[in-house]
Amino acid sequence: MLSRFRQLFAQVDMTVGKPWEKIVAFTIPMLIGNIAQQLYNTVDSIVVGKYVGDNALAAVGSASPMLNLLLVLFVGISMGASIMVSQYFGSKDRENLSRTIGSSITLTAAASLFLMVFCSMIIRPVLHMLNTPDTILDWCASYLFILLMGISGLAYYNILCGILRGLGDSLSALVYLLIATVINIILDVWFVAGLGMGVAGVALATVIAQMISAILCMLKLRKMTDLFDLKLKYIKPHRENMLTVLRLGLPSGATQAIFSLAMVVVQSLTNSFGEMVIAANVIIMRVDGFAMMPNFSFGTAMTTYAGQNVGARQPDRVKQGAKQGTLIAAGTSAVITALILLFGRHLMAIFTDTTELVILSANMMSILAAGYIAMAVTQSLSGVMRGAGDTVTPMWISMVTTVVIRVPLAYGIAWFTRTPQLPQGRYESIWISLLISWVLGAVLTAFFYKLGGWKKKVLNQ
């Protein structure tokens, strides 16, 4: 019994066995973990929506795009580390594996300090620039400031999880995250409903919970001495490894930055429609976060799968897994789309008791529903390309679909649908533009995957 329990927490070698079985087995605990992580923001929204009010709910949601933009550097470090770790694990290169992990820890410390000091000073000017309503501006600012003060917990959790996944261990991070999620929920209710701390209370609860999950991940890595060495000489800055982490990771970080920046720009449009549409957008994005989790999970699994197999020099196995993983991801998203269409209003009612807000959110969510199938294709095939070391192509696709298509389309539809009754245009423009960008992204990703340029990006080839 003890040996079986230990096997659950062992790293997974994805270079052997049936591809689809390895991908699904790796994805399931990661999916549960991603859902648990999404609960951080969702519980925040539910608690402030129920105990403080719709304006507090709008404040938390308005702060999210700006926070995501500030976190793009960590996304890049995490992706670069995960790609390198999976390839060095697949090729059994202990020295480079150790240097990569140590360099990632050092980079994370530097990035955390920068965000904590610099970005906390620009919160209010940016919120004013985004036309954040005065009724929620103070709440937005305090929420962001507290999260930035505790940014190292979120940063290290994401980077260390990326390392664990590159080693084929998606279960340990799940267990640690579930523990932290329970703590987060308890603290949310205590700080807000019990102590009356409002929006600041949910931010503080999130910071504490994230720090706990990061500490648990670090303790796990320190025990994995059979795979790599976590000694001082590896944690000291190593120029070559750090540059490679950044070279591989920054395009992914830029992809997230592009997406987050577009969200910030569109948030300005959303704000122009008033508090009701802002609150509806918050609810939609929270449900969207859960609906998108399978796609993100399969995408990350495909990155690890491709990384390990290109490291082991098994290109045919990479193609086989790419096909099987994408089909499973698309099927999963089709089921989710059906559930959203059937139970949309019930999902929205979890967040608010305002009937008008429930109906508005459900109607807008139905616009996005079919787009999740398209995103399944995008995330899975992009994951394969990233795992092979091609992080630039997904970045350009994201740039085109988000900057060139999504943002102008959102503002364009709003502009051309203006009437005396709707001086800002139709608010549906926010979600129609997003759906179109998702579909075009899937088409472009499939096209560039077929071209096969990603096959030439393998490390040490």
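How many residues, within the stretch 120-161, are touching a Ser or Thr at 6+ places or on another chain (Cβ under 7 Å), polar (S, T, N, Q), open to solvent by less than 50 Å² (accessible area, probe 1.4 Å) and within 19 Å of V60 (Cβ to Cβ)? So the count comes out to 1.
Here the condition is being open to solvent by 20 Å² or more (accessible area, probe 1.4 Å), more than 30 Å from V318 (Cα to Cα) and hydrophobic (A, V, I, L, M, F, W, C); of I430, I367, it holds for I367 alone.
Would you say A36 is in a helix (DSSP H, G or I), in contact (Cβ under 8 Å) with a residue 60 or more places away in the chain and surrounded by fewer than 24 Cβ atoms within 10 Å (Cβ to Cβ)? Show your work before the answer.
Numbers: in a helix (DSSP H, G or I): yes; in contact (Cβ under 8 Å) with a residue 60 or more places away in the chain: yes; surrounded by fewer than 24 Cβ atoms within 10 Å (Cβ to Cβ): yes.
Here the answer is yes, as A36 does meet what is asked.
For L381, work out the one condition from (1) at pLDDT 90 or above; (2) open to solvent by 60 Å² or more (accessible area, probe 1.4 Å); (3) within 25 Å of the chain's Cα centre (by Cα); (4) within 30 Å of S82 (Cβ to Cβ) it doesn't fulfil. Going through the list (1) at pLDDT 90 or above; (2) open to solvent by 60 Å² or more (accessible area, probe 1.4 Å); (3) within 25 Å of the chain's Cα centre (by Cα); (4) within 30 Å of S82 (Cβ to Cβ), L381 breaks only (2). Of the residues making up the stretch 247-259, those that are open to solvent by less than 50 Å² (accessible area, probe 1.4 Å) and under 20 Å from G387 (Cβ atoms) are L248, G249, P251, S252, G253, A254, T255. Residue-level check: of (1) of a type outside the set (A, V, I, L, M); (2) in contact with a helix residue (DSSP H, G or I) (Cβ under 6 Å, 6 or more places away or on another chain); (3) closer than 21 Å to Q267 by Cβ, D138 misses just (2). The C-beta contact set for the stretch 306-330 (first residue more than 14 Å from G168 (Cα to Cα), second residue of a type in the set (V, I, T) and open to solvent by less than 10 Å² (accessible area, probe 1.4 Å), distance under 7 angstrom, 6+ apart or interchain) comprises V310/V318; V318/V384; G321/I23; A322/V384; Q324/I23; G325/I23. Any chance the stretch 292-299 includes a residue that's more than 24 Å from the chain's Cα centre (by Cα), open to solvent by 10 Å² or more (accessible area, probe 1.4 Å) and at negative phi? So far as the stretch 292-299 goes, no, none of its residues is more than 24 Å from the chain's Cα centre (by Cα), open to solvent by 10 Å² or more (accessible area, probe 1.4 Å) and at negative phi.
Scanning the stretch 342-352 for residues that are open to solvent by 40 Å² or more (accessible area, probe 1.4 Å) and either touching a residue at least 12 places away in the same chain (Cβ under 8 Å) or hydrophobic (A, V, I, L, M, F, W, C) (or both) yields L342, F343, R345, L347, A349, I350. Among the residues of the stretch 223-246, is there at least one that is over 30 Å from V392 (Cα atoms), open to solvent by less than 70 Å² (accessible area, probe 1.4 Å) and among the acidic types (D, E)? Scanning the stretch 223-246 turns up at least one residue that is over 30 Å from V392 (Cα atoms), open to solvent by less than 70 Å² (accessible area, probe 1.4 Å) and among the acidic types (D, E).
With respect to (1) modelled with pLDDT under 85; (2) in a helix (DSSP H, G or I); (3) open to solvent by 60 Å² or more (accessible area, probe 1.4 Å); (4) more than 18 Å from V202 (Cβ to Cβ), the lone exception for L113 is condition (1). Of the numbered criteria (1) under 23 Å from L167 (Cα atoms); (2) over 22 Å from the mean Cα position of the chain (by Cα), the one G53 fails is (1).
From the list I146, I159, I105, the one residue that fits, being in contact (Cβ under 8 Å) with a residue 40 or more places away in the chain and closer than 23 Å to G383 by Cβ, is I159.
Taking the criterion of being part of a loop (DSSP other than H, G, I, E, B) and closer than 24 Å to S172 by Cα, the residues of the stretch 221-240 that qualify are K223, M224, T225, D226, L227, F228, D229, L230, K231.
Rundown of residues vs (1) of a type outside the set (A, V, I, L, M, F, W, C); (2) modelled with pLDDT under 90, yes/no style:
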{"residue": "G387", "(1), (2)": "yes, yes"}
{"residue": "M399", "(1), (2)": "no, yes"}
{"residue": "I413", "(1), (2)": "no, no"}
{"residue": "L434", "(1), (2)": "no, no"}
{"residue": "L444", "(1), (2)": "no, no"}
{"residue": "F447", "(1), (2)": "no, no"}
{"residue": "K455", "(1), (2)": "yes, yes"}
{"residue": "L459", "(1), (2)": "no, yes"}
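Residue pairs whose Cβ atoms lie under 7 Å apart, separated by 6 or more positions or on different chains, with the first residue in the stretch 9-22 and open to solvent by less than 50 Å² (accessible area, probe 1.4 Å) and part of a loop (DSSP other than H, G, I, E, B) and the second among the charged types (D, E, K, R) and modelled with pLDDT of 85 or more, are V12/K22; M14/K22. What about A81, is it outside any loop (DSSP other than H, G, I, E, B), crowded, with 24+ Cβ neighbours inside 10 Å and over 17 Å from the mean Cα position of the chain (by Cα)? Taking the combined requirement at face value, the residue does not satisfy it. Helices (runs of 4 or more DSSP H) fully within the stretch 359-422 that include at least 2 residues being out of contact with any helix residue (DSSP H, G or I) (no Cβ under 7 Å at 6 or more places or on another chain): 407-416. For the residues V189, V199, the requirement of being over 24 Å from T108 (Cβ atoms) and modelled with pLDDT of 85 or more singles out V189.
Considering only residues that are within 23 Å of T27 (Cβ to Cβ) and open to solvent by 20 Å² or more (accessible area, probe 1.4 Å), which ones fall in the stretch 163-197? Scanning the stretch 163-197 gives R165, L171, V175, Y176, L178, I179, V182.
The values are calculated or read from the model by the stated rules, or taken from the named source; none is laboratory data. If you're wondering where the values come from, they're calculated on a predicted model, not measured in any experiment. Note that each Cβ is placed from the backbone with ideal geometry, even for glycine, and that neighbours are counted across all protein chains shown. Quick note on the areas: whole protein, heavy atoms, side chains included, nothing else; ligands and nucleic acids left out. Shrake-Rupley method; radii C 1.70, N 1.55, O 1.52, S 1.80 Å.
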